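Encoded as structure tokens, the structure appears first; notes follow it.
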Amino acid sequence: MESPLPHVSIIILNWNGWKDTTECLESLYQITYPNYDVIVVDNGSVDDSIERIKEYAEGKLEVTSNFFDHSKKNKPIRYIEYSKEDAEGGGGKEAEFTDLSSAKFILIKSGKNYGFAEGNNLAIRYALKSLNSKYVLLLNNDTIVARDFLNEMITVSIQDSNNAIIGPKVYYYDYRGQKNVIHSAGARILVKQGLAPPLGVNEIDIGQYDEIRHVDYIEGACMLVKRSLIETIGLLDPIYFAYWEETDWCYRASKSGFNIVYVPKAKVWHKVPEKKVSKLATYLNTRNKFIFLKKNAKLRELCVFCSYYVTFYFWYRLAIILLYYRNLDVFRSYLRGNCDGLLFLMTGHLYQ
């Protein structure tokens, strides 16, 4: 019998990260929400991720976690496998799942790394076309979810047709031995400063963020998105590749009259390293800030941002990279990100 609750496609990107992905999958296959499927997009992994993820689904690989016990009752998990081209063409193997109310597993092999934005877009297009999903849920592969997290977010979403992007309370997976330290309770967008800081970051949870509230944006680590929103404003913008794309999506949603809502009873734990920075993340975060502003800021806001950035923020970030991270490669990536970002701000074109 078909579930009265809306169908949700949960989308996970994997890139050389099968250990995190299988732990995330095991937490998902123990949730209480009755009407969902899971789509894993392998974004061109060069390790044995695809084989390992299949072994997990077949019940041949046991997952260990501090958050749950591995269950053998839900194995094997039936899955279907597609290339990018087959998925874009609409799939066709869905009839193999005879019980459409049970959780399904779809593995899409993209063939190369399309980044967060287009990797998710690939799965979103497939979910809307082939599975007729009413919601998609973007979920980082290095997360663990509470068993009722999806129930809580769906409950809030269906209360108002304009509640289009919903996010949970996100904790650090392990913050110095603690699991109740907040990483995000929604987030703000400060256009004039070119910043999008999360609320509650690094705070111990003592109930200070326990109210449902409208926020500026939801971090892409876990965001529930209504089909009607996607049909109205479109997909994630692939120009970002990774970082700032979910900020842009939420900003566009708000300007179109939709609500971005934080739901504290929905809980997720995210593996965020305390002191780690990469060349690619530094470059993309820096460059994409300028892309976001070029797309969304008003002229007055851009003028304020440029003054703030040149007189303070550029030097502040530079000092952190040189004095805290002490990494010359990251320093070079930061400078390159600024150069390419400024070029886009002035011309509207990315350096190739």
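The values are calculated or read from the model by the stated rules, or taken from the named source; none is laboratory data. Owing to the predicted nature of the structure, the values given are computational and were not obtained by experimental measurement. Every residue, glycine as well, gets a Cβ built from its backbone with ideal geometry; the counts of neighbours run over all protein chains shown. These area figures cover heavy atoms from the full protein model, side chains too; ligands, DNA and RNA do not enter into them. Shrake-Rupley method; radii C 1.70, N 1.55, O 1.52, S 1.80 Å.
One table, with the values for the structure above:
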| item | result |
| --- | --- |
| Segment 146-173-segment 230-252 distance, computed between alpha-carbon centres (Å) | 19 |
| Helix 299-308 vs. the chain, principal-axis angle (Cα, 0 to 90°, nearest 10) | 70 |
| Burial order of peptide ranges 115-122, 266-273 (average beta-carbon count within 10 Å, highest first) | 115-122, 266-273 |
| Rounded to the nearest 10 Å², the accessible area of V330 at probe 1.4 Å | 0 |
| Qualifying aspartates and glutamates (Cα of each under 17 Å from Cα of K267; at least 8 residues distant if same chain) | E23, E26, D142, D148, E152, D174, E203, D205, D210, E211, E219 |
| Point-charge dipole on Cβ atoms (K/R +1, D/E -1) for the chain, about Cα centre, debye to 20 | 1080 |
| Relative contact order [Cα under 8 Å, 6+ residues apart], the chain, whole percent | 17 |
| Helix-derived mean residue ellipticity, 222 nm - over the chain, DSSP H n ≥ 4, -39500 (n - 2.57), to 500 | -10500 deg cm²/dmol |
| Given K192/K265; K255/K289; K19/K179; K255/K279, the pairs whose alpha carbons are separated by over 27 Å | K192/K265; K255/K279 |
| Compactness index (Cα Rg / 2.2 N^0.38 Å), segment 1-122 | 1.03 |
| Nearest-10 value in Å² for the accessible area of W15, using the 1.4 Å probe | 140 |
| Bins of 10 Å, starting at 0 and running to the largest distance - Cα pair percent for segment 135-177 | 22, 51, 22, 6, 0 |
| Alpha-carbon radius of gyration plus Dmax, which is the widest Cα pair, for the chain in Å | 20.1, 62 |
| Quarter of the Cα convex hull surface for segment 223-292, i.e. its orientation-mean projected area (nm²) | 6.0 |
| Mean Cα-pair separation over length for segment 110-189, i.e. relative contact order, pairs under 8 Å, 6 or more apart, % | 15 |
| Whole-number percent relative contact order across segment 52-146, with pairs defined as alpha carbons under 8 Å at least 6 apart | 25 |
